[in-house]
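What follows is a short report on a single structure.
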Amino acid sequence: LFADIPKAFHQQPPAMWPILRAGTKAVLIEEPIAPAVFLIAIPSDAVETANCIIRRFSEAVTKTYDAQPPVEFTAQNPDSGLAAQVKFELDQTLNYGLSSGSQVAVVEHLERLHGESAMMLRGYCDNDHAPFRRAVFILKLYLPETSASTPESDSFVENRLTELWGEHI
(Lines give C-alpha, C1' and ligand atoms only; values in the text may rest on other atoms or scores of the structure.)
Protein backbone atom coordinates (compact mmCIF):
# COMPACT_ATOMS: atom_id res chain seq x y z
CA LEU A 1 0.00 0.00 0.00
CA PHE A 2 2.60 2.56 1.04
CA ALA A 3 5.92 0.95 0.19
CA ASP A 4 6.96 3.46 -2.46
CA ILE A 5 5.84 6.61 -0.61
CA PRO A 6 8.50 6.56 2.16
CA LYS A 7 11.15 5.84 -0.46
CA ALA A 8 10.11 8.91 -2.42
CA PHE A 9 10.12 11.10 0.69
CA HIS A 10 13.10 9.70 2.59
CA GLN A 11 13.86 13.02 4.32
CA GLN A 12 10.62 12.91 6.31
CA PRO A 13 10.67 11.83 9.96
CA PRO A 14 10.79 8.01 10.01
CA ALA A 15 8.10 7.89 12.73
CA MET A 16 5.55 9.33 10.31
CA TRP A 17 5.24 6.23 8.14
CA PRO A 18 4.26 3.72 10.87
CA ILE A 19 1.62 6.17 12.10
CA LEU A 20 0.06 6.47 8.64
CA ARG A 21 0.31 2.73 8.08
CA ALA A 22 -1.23 1.76 11.44
CA GLY A 23 -4.05 4.30 11.23
CA THR A 24 -5.00 3.23 7.75
CA LYS A 25 -4.67 -0.48 8.47
CA ALA A 26 -7.34 -0.09 11.16
CA VAL A 27 -9.95 0.91 8.55
CA LEU A 28 -9.01 -1.70 5.95
CA ILE A 29 -10.54 -4.51 8.01
CA GLU A 30 -14.02 -5.87 7.32
CA GLU A 31 -15.82 -3.87 10.02
CA PRO A 32 -13.70 -1.02 11.36
CA ILE A 33 -14.73 0.49 14.68
CA ALA A 34 -13.79 4.06 13.75
CA PRO A 35 -12.46 6.05 10.81
CA ALA A 36 -8.77 6.85 10.49
CA VAL A 37 -8.20 10.53 11.24
CA PHE A 38 -4.96 12.32 10.48
CA LEU A 39 -4.44 15.92 11.49
CA ILE A 40 -1.47 17.15 9.48
CA ALA A 41 0.18 20.38 10.63
CA ILE A 42 1.96 21.91 7.66
CA PRO A 43 4.69 24.55 8.25
CA SER A 44 4.88 27.38 5.72
CA ASP A 45 8.10 26.10 4.15
CA ALA A 46 6.81 22.55 3.70
CA VAL A 47 3.52 23.12 1.89
CA GLU A 48 4.56 21.66 -1.47
CA THR A 49 6.14 18.53 0.03
CA ALA A 50 3.28 17.95 2.49
CA ASN A 51 0.65 18.31 -0.21
CA CYS A 52 2.55 15.90 -2.45
CA ILE A 53 2.79 13.30 0.34
CA ILE A 54 -0.89 13.71 1.17
CA ARG A 55 -1.87 13.38 -2.49
CA ARG A 56 0.20 10.20 -2.90
CA PHE A 57 -1.15 8.78 0.36
CA SER A 58 -4.75 9.59 -0.69
CA GLU A 59 -4.18 7.93 -4.06
CA ALA A 60 -2.78 4.81 -2.39
CA VAL A 61 -5.75 4.51 -0.04
CA THR A 62 -8.21 5.16 -2.88
CA LYS A 63 -6.53 2.50 -5.03
CA THR A 64 -6.55 0.00 -2.15
CA TYR A 65 -10.27 0.55 -1.61
CA ASP A 66 -10.94 0.68 -5.36
CA ALA A 67 -12.92 3.77 -4.42
CA GLN A 68 -13.99 7.05 -5.96
CA PRO A 69 -11.48 9.93 -5.80
CA PRO A 70 -11.14 11.69 -2.45
CA VAL A 71 -13.81 14.15 -1.42
CA GLU A 72 -12.29 17.55 -0.72
CA PHE A 73 -13.48 20.59 1.19
CA THR A 74 -11.54 23.84 1.34
CA ALA A 75 -12.37 26.21 4.17
CA GLN A 76 -12.47 29.87 3.29
CA ASN A 77 -12.51 32.50 6.04
CA PRO A 78 -13.59 32.03 9.65
CA ASP A 79 -16.42 34.57 9.40
CA SER A 80 -18.75 33.84 12.31
CA GLY A 81 -21.67 35.26 10.32
CA LEU A 82 -21.27 32.43 7.82
CA ALA A 83 -20.39 29.68 10.30
CA ALA A 84 -23.77 27.95 10.02
CA GLN A 85 -23.60 28.04 6.20
CA VAL A 86 -20.03 26.68 6.16
CA LYS A 87 -21.02 23.97 8.64
CA PHE A 88 -23.90 22.99 6.33
CA GLU A 89 -21.63 22.96 3.24
CA LEU A 90 -18.98 20.91 5.04
CA ASP A 91 -21.60 18.38 6.13
CA GLN A 92 -23.11 18.18 2.64
CA THR A 93 -19.71 17.78 0.97
CA LEU A 94 -18.50 15.03 3.31
CA ASN A 95 -21.82 13.19 3.40
CA TYR A 96 -22.33 13.27 -0.37
CA GLY A 97 -18.74 12.33 -1.20
CA LEU A 98 -18.47 9.49 1.30
CA SER A 99 -21.95 8.20 0.42
CA SER A 100 -20.97 8.21 -3.25
CA GLY A 101 -18.00 5.88 -2.87
CA SER A 102 -15.12 8.04 -1.73
CA GLN A 103 -13.15 6.55 1.15
CA VAL A 104 -10.85 9.52 1.71
CA ALA A 105 -11.95 12.97 2.84
CA VAL A 106 -9.52 15.88 2.79
CA VAL A 107 -10.33 19.10 4.63
CA GLU A 108 -8.08 21.93 3.48
CA HIS A 109 -7.20 24.91 5.68
CA LEU A 110 -8.53 23.77 9.02
CA GLU A 111 -7.20 27.05 10.41
CA ARG A 112 -9.82 28.91 8.37
CA LEU A 113 -12.77 27.03 9.82
CA HIS A 114 -14.81 28.85 12.42
CA GLY A 115 -15.00 26.84 15.65
CA GLU A 116 -18.72 26.30 15.19
CA SER A 117 -18.11 24.87 11.72
CA ALA A 118 -15.23 22.71 12.97
CA MET A 119 -17.62 21.01 15.39
CA MET A 120 -19.15 19.31 12.34
CA LEU A 121 -15.98 17.23 12.06
CA ARG A 122 -16.54 15.74 15.48
CA GLY A 123 -19.49 13.69 14.26
CA TYR A 124 -17.59 12.34 11.27
CA CYS A 125 -14.39 11.57 13.17
CA ASP A 126 -15.99 10.18 16.33
CA ASN A 127 -14.66 6.88 17.69
CA ASP A 128 -18.08 5.56 18.67
CA HIS A 129 -20.74 6.87 16.30
CA ALA A 130 -19.04 7.92 13.07
CA PRO A 131 -21.36 7.46 10.09
CA PHE A 132 -18.46 6.43 7.81
CA ARG A 133 -16.11 4.13 9.71
CA ARG A 134 -14.36 2.76 6.66
CA ALA A 135 -12.93 6.13 5.75
CA VAL A 136 -9.72 8.10 6.07
CA PHE A 137 -9.99 11.75 7.08
CA ILE A 138 -7.05 14.04 6.39
CA LEU A 139 -7.36 17.39 8.14
CA LYS A 140 -4.78 19.90 6.95
CA LEU A 141 -3.75 22.70 9.31
CA TYR A 142 -1.49 25.23 7.61
CA LEU A 143 0.91 27.01 9.96
CA PRO A 144 2.59 30.40 9.54
CA GLU A 145 5.72 29.04 11.26
CA THR A 146 8.55 27.36 9.38
CA SER A 147 9.69 23.80 9.95
CA ALA A 148 12.61 25.00 12.06
CA SER A 149 10.33 26.92 14.43
CA THR A 150 7.52 24.35 14.63
CA PRO A 151 7.82 21.86 17.48
CA GLU A 152 6.95 18.27 16.60
CA SER A 153 4.42 17.81 19.37
CA ASP A 154 0.74 17.14 19.74
CA SER A 155 0.50 19.86 22.37
CA PHE A 156 1.67 22.50 19.87
CA VAL A 157 -1.14 21.59 17.47
CA GLU A 158 -3.67 21.28 20.29
CA ASN A 159 -2.71 24.75 21.56
CA ARG A 160 -3.03 26.19 18.05
CA LEU A 161 -6.53 24.75 17.65
CA THR A 162 -7.48 26.05 21.09
CA GLU A 163 -6.31 29.51 20.01
CA LEU A 164 -8.40 29.27 16.87
CA TRP A 165 -11.56 27.67 18.24
CA GLY A 166 -11.35 27.79 22.04
CA GLU A 167 -14.23 30.17 22.59
CA HIS A 168 -16.54 28.23 20.27
CA ILE A 169 -16.01 24.63 21.29
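Observations, loosely collected:
- Using heavy atoms of the protein chains and a probe of 1.4 Å, the accessible area assigned to Asp45 is about 100 Å².
- When +1 charges are put on Lys and Arg Cβ atoms and -1 charges on Asp and Glu Cβ atoms, the dipole computed for segment 1-48 relative to its Cα centre reaches about 140 debye.
- Cα shape, the chain, gyration tensor, a/c 1.5 rule: oblate
- Positive-end residue of Cys125, Gly166, Gly97, charge dipole of segment 46-169 with Cβ unit charges: Gly97
- Residues with amide H under 5 Å from that of Val37, placed H, sequence gap 5 or more: Phe137
- Qualifying GluC sites (Glu not before Pro) for segment 1-60 [loop in DSSP, other Cβ within 10 Å: at most 10]: Glu30
- Residues whose placed amide H lies under 5 Å from that of Leu141, excluding near-sequence neighbours: Ile40, Ala41, Ile42, Leu110
- Residues in segment 1-30 reached by a label modelled at Ser147 [backbone nitrogen below 16 Å; 7 Å Cα→Cβ]: 6-17
- Taking all protein chains together and rolling a 1.4 Å probe, Ile29 ends up with roughly 90 Å² accessible.
- In this structure the chain gives 57 Å² per residue of accessible area when probed at 1.4 Å with all protein chains present.
- Sparse-neighbour loop sites [GluC sites (Glu not before Pro); segment 61-169; at most 12 other C-beta within 10 Å; DSSP]: Glu152, Glu167
- Amide H contacts of Val106: Val71, Glu72, Phe73, Ile138, each under 5 Å away and 5 or more positions distant or on a separate chain (H built 1.01 Å from N in the peptide plane; Pro and chain starts excluded).
- Debye, to nearest 20: dipole size of the chain, +1 on Lys, Arg Cβ, -1 on Asp, Glu Cβ: 520 debye
The values are calculated or read from the model by the stated rules, or taken from the named source; none is laboratory data. For clarity, every value in this text was computed on a predicted model and none was experimentally measured. Please note: Cβ atoms are built from the backbone with ideal geometry, for glycine as well, and neighbour counts cover all protein chains shown. For accessibility, only protein heavy atoms count, side chains too; no ligands or nucleic acids. Shrake-Rupley method; radii C 1.70, N 1.55, O 1.52, S 1.80 Å.
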